[in-house]
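The structure appears below as structure tokens.
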Amino acid sequence: MSEVRVRTEDLTKVFYDDGRGEVHAVNAVNITCESGEILGLLGANGAGKTTTLRMLATVLAPTGGNAWVHGHEVREAAEQVRASLGFYSASTALYPKITPRETLRFFARVNNYPKARLEQRVEYLIDRFGMESFADSRVEKLSSGMKQKVSIARTVAHDPPVLIFDEPTVALDVLNAIELRDIIAKLRDDGKAIIFSTHIMSEAEQLCDRIAIIHHGRILATDTLDGLRESTGHHYLEDIFVHYANSSGRDDSIGSVSDEVVG
Ligand SMILES: Nc1ncnc2c1ncn2[C@@H]1O[C@H](COP(=O)(O)OP(=O)(O)OP(=O)(O)O)[C@@H](O)[C@H]1O
Ligand SMILES: [Mg+2]
């Protein structure tokens with residue numbers, strides 16, 4: 001049975017920027033993600049994707065609203081939230097002087113993965129992420145695509161129930177992006193609750209069980225691709241996205257289109 005693993009309630013982030021004044025980066029966002037589900041956060045540059053995901057990962061404190069990860073509230077129980085999730089973003093760092101194998105061992109250990117099963121876990125990750133050929137080369141000698149795989153593998157090393165990926169395929173070539181999407185789909189089939197952000201329409205179409213369209217910090221719609229098609233009369237996600245983006249300026253109430261099951 002699937003369970004709600006991530007839930008936000010009017011999650012909000014206002015930044016104060018010298019040049020722009022108040023920036024409403026994330027504006028009353030309500031999303032959920034269940035175990036065995038991939039929720040895509042689809043939005044243009046500056047839509048608020050990274051800010052939303054950083055609040056879920058406790059990297060940033062919300063200025064309003066709430067968010068729960070695996071039942072833990074992000075401000076009240078940041079440590080438990082961090083133990084329950086793996087967070088990948090472009091700033092996920094690796095140590096250049098050690099190998100992918102050593103990297104996975106290290107991150108599984110510091111995140112309290114059971115010692116007795118640690119080597120088995122590392123082998124499994126190397127196999128699942130297709131890293132056999134470079135598992136024992138130093139990270140500094142790897143290509144950027146290889147490093148990105150290691151970075152993502154290290155965020156899931158401790159086998160957390162919730163995975164949050166901020167544009168995980170952004171620097172990958174087509175074949176590696178397909179391979180990574182395949183890995184993410186398998187993690188979903190293992191029962192993980194996965195939220196990932198993208199601005200690539202085809203990626204959202206292929207991978208997501210539900211898609212949340214975020215625009216200027218607001219969620220304009222959340223539904224399956226078929227549900228979005230039905231609501232808008234458009235077939236392609238690009239047309240669906242443009243439909244919502246164009247309507248949002250005129251009618252803010254469209255934010256309530258979101259059809260969430262909150263548990
Ligand atoms: N530390 C900050 N101070 C001020 N404004 C910020 C800060 N971080 C983000 N913002 C602003 O918040 C808004 C949302 O940014 P965010 O990085 O969440 O967007 P995004 O959807 O991830 O975009 P991209 O696709 O370009 O990664 C933008 O207007 C951005 O400039
Ligand atoms: Mg971003």
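State the extension gain, in nm to one decimal, for the chain segment bounded by ASP189 and LYS141, taking 0.36 nm per residue of separation less the distance between their alpha-carbons.
Full extension of this stretch gives 14.0 nm more.
Enter the mean projected area of the convex hull around the alpha-carbon atoms of the range 1-71, in nm², rounded to one decimal.
Seen from a random direction, the Cα hull of the range 1-71 projects 5.0 nm² on average.
5 Å is the cut-off here: which amide hydrogens, built 1.01 Å from N in the peptide plane, fall below it relative to LYS13, excluding neighbours closer than 5 in sequence?
Excluding prolines and chain starts, which carry no amide H, the hits are ALA25, VAL26, ASN27, ALA28, THR63.
Enumerate the calculated ³J(HN,Hα) couplings along the range 10-26 in order (Karplus 6.51 cos²θ - 1.76 cosθ + 1.60, θ = phi - 60°), each rounded to whole Hz, writing x wherever the residue is Gly or Pro.
Values per residue, Gly and Pro as x: 6, 5, 9, 9, 10, 9, 10, 10, 3, x, 9, x, 6, 10, 8, 5, 9 Hz.
Given a 1.4 angstrom probe, I'd like the percentage of the accessible area of the chain that is carbon and sulfur, rounded to a whole number.
The nonpolar share, carbon plus sulfur, comes to 47 percent.
Could you tell me the largest-minus-smallest coordinate of the C-alpha atoms of the chain on each of the three principal axes, in descending order and whole angstroms?
Ordered largest first, the chain gives principal extents of 55, 46, 40 Å.
So what are the ³J(HN,Hα) numbers for the range 80-95, from phi and the Karplus equation (6.51, -1.76, 1.60; θ = phi - 60°), rounded to whole Hz, Gly and Pro as x?
Residue by residue, the range 80-95 yields 5, 4, 5, 5, 8, 9, x, 10, 10, 9, 4, 8, 4, 9, 10, 8 Hz.
So if each residue of separation counts as 0.36 nm, and I subtract the Cα-Cα distance between HIS234 and ARG117, what length gain in nm does that give?
37.2 nm
What is the packing order of peptides 157-164, 52-59, 235-242, taking the mean over residues of other C-beta atoms within 10 Å and listing the highest first?
Taking the mean over residues of other Cβ atoms within 10 Å, the ranking is 52-59, 157-164, 235-242.
So for ARG117, ARG20, what's the accessible-area order with a 1.4 Å probe, most first?
Accessible-area ranking of ARG117, ARG20, largest first: ARG20, ARG117.
Which residue, ASN27, ASN112, ASN66, tops the fluctuation ranking in a GNM of the chain built on C-alpha contacts under 10 Å?
ASN112
With an 8 Å cut-off on Cα pairs and a minimum separation of 6 or more residues, tell me the relative contact order of the range 109-263 in percent.
Rounded, it is 15 percent for the range 109-263.
Compute the Cα gyration tensor for the range 112-194, then decide on rounded, prolate or oblate, letting a ≥ b ≥ c be the square roots of its eigenvalues: rounded whenever a/c is under 1.5, prolate when a/b is larger than b/c in the other cases, and oblate in all that remain.
oblate
With contacts defined as alpha carbon pairs under 8 Å and 6 or more residues apart, what's the relative contact order of the chain in percent?
For the chain, the relative contact order is 26 percent.
Any of LYS13/LYS97; LYS13/LYS192; LYS13/LYS141 with alpha carbons more than 32 Å apart? Name them for me. Walk me through the intermediate numbers first.
Working: LYS13/LYS97 37 Å; LYS13/LYS192 26 Å; LYS13/LYS141 38 Å.
Beyond 32 Å between Cα atoms: LYS13/LYS97; LYS13/LYS141.
Which net charge results for the neighbourhood of ASN111, defined as the other residues with beta-carbon distances under 10 angstrom from its beta-carbon, given Lys and Arg at +1 and Asp and Glu at -1?
Once positives and negatives cancel, what remains is +2.
Can you give me the accessible area per residue for the chain, using a 1.4 Å probe, in Å²?
47 Å²
The values are calculated or read from the model by the stated rules, or taken from the named source; none is laboratory data. Remember, it's a predicted structure, so these values are computed and weren't measured experimentally. Methodologically, a virtual Cβ is constructed for each residue, glycine included, from the backbone with ideal geometry; neighbour enumeration extends over all protein chains shown. The accessibility values were calculated without ligands, DNA or RNA, using every heavy atom of the protein model including side chains. Shrake-Rupley method; radii C 1.70, N 1.55, O 1.52, S 1.80 Å.
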